[in-house]
Amino acid sequence: MTFEELKPKLNDILTNTSTLRDEKLQKVCHLLSDNIDYYDWVGFYFRNGDKEELILGPYVGEPTDHTVIPFGKGICGQVAVSNQNFVVSDVTAQDNYIACSMTVKSEIVVPLFVDGENIGQIDIDSEVLDAFSESDERFLEYVNCEIAKLFTS
Ligand code: SME
């Protein structure tokens, strides 16, 4: 399915009035991992209150030991500090990387802003080398913008 085809489906999930926020996020993880071949692990991390650490939220894929990630650590922890997308074409070339599975070859992390504040991120792992392009970045920015509305209303 193309990104454009996924957008209305995303909208359906996020505007459903009978599901809770975490249920919506879980459905978004399924939507993306079920419909995009190279999205093998899809999950959300959120800042833990005022602490400088991320906590794992809803996800789809292999369970990970890394349910708490300090700011600055790994790709996710770096994005918590930089507030910028991080596209890793080859995870073996990264020094500051937390391996969750030996089959992962590339990764993308896009921050989630609510009223200009970085409250968390979407994290996607792929078993394909160099899987992510600028079109993934634009699409995931769109996804996060739509999700941000769940945190303001
Ligand atoms: N690889 C990430 C850790 C999270 S897992 O991919 C689920 C990182 O380096 O921050």
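The values are calculated or read from the model by the stated rules, or taken from the named source; none is laboratory data. Bear in mind the structure is a predicted one, so any value in this text is a computation, not a measurement. Neighbour counts are summed over all protein chains in view; Cβ atoms, including those assigned to glycine, are modelled from backbone coordinates with ideal geometry. Just the protein is used for accessible areas: all its heavy atoms, side chains included, with ligands, DNA and RNA removed. Shrake-Rupley method; radii C 1.70, N 1.55, O 1.52, S 1.80 Å.
Structure values in brief
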{"quantity": "Cα convex hull volume per residue for the stretch 1-64 (Å³)", "calculated": "104 Å³"}
{"quantity": "Distance in nm between pseudo-label sites at Ile98 and Glu5 (7 Å out along the Cβ direction from Cα)", "calculated": "3.5 nm"}
{"quantity": "Solvent exposure of the chain as accessible area per residue, Å², 1.4 Å probe", "calculated": "51 Å²"}
{"quantity": "Listed residues Gly49, Gly72, Gly57, most fluctuating in the chain (Gaussian network, C-alpha, under 10 Å)", "calculated": "Gly49"}
{"quantity": "Interatomic Cα distance distribution for the stretch 59-125, bins of 5 angstrom, percent", "calculated": "4, 17, 29, 27, 16, 6, 1, 0"}
{"quantity": "Long-range amide H partners of Val114 with built H, under 5 Å", "calculated": "Ile119"}
{"quantity": "For the chain, built as a Gaussian network whose Cα springs stay under 10 Å, the top-fluctuating residue of Asn16, Asn118, Asn96", "calculated": "Asn16"}
{"quantity": "Cα-based equivalent ellipsoid of the stretch 1-115: semi-axis lengths in Å, sorted from largest, via gyration tensor", "calculated": "24, 18, 13"}
{"quantity": "Entries in Lys24/Lys105; Lys24/Lys73; Lys27/Lys73; Lys7/Lys73; Lys7/Lys27; Lys9/Lys149 that, when Cα-Cα distance is taken, lie over 21 Å", "calculated": "Lys24/Lys105; Lys24/Lys73; Lys27/Lys73; Lys7/Lys73"}
{"quantity": "Simple Cβ-charge dipole of the chain, Lys/Arg +1 and Asp/Glu -1, about Cα centre, in debye nearest 20", "calculated": "460 debye"}
{"quantity": "Whole-percent carbon and sulfur share, accessible surface of the chain, 1.4 Å", "calculated": "48 percent"}
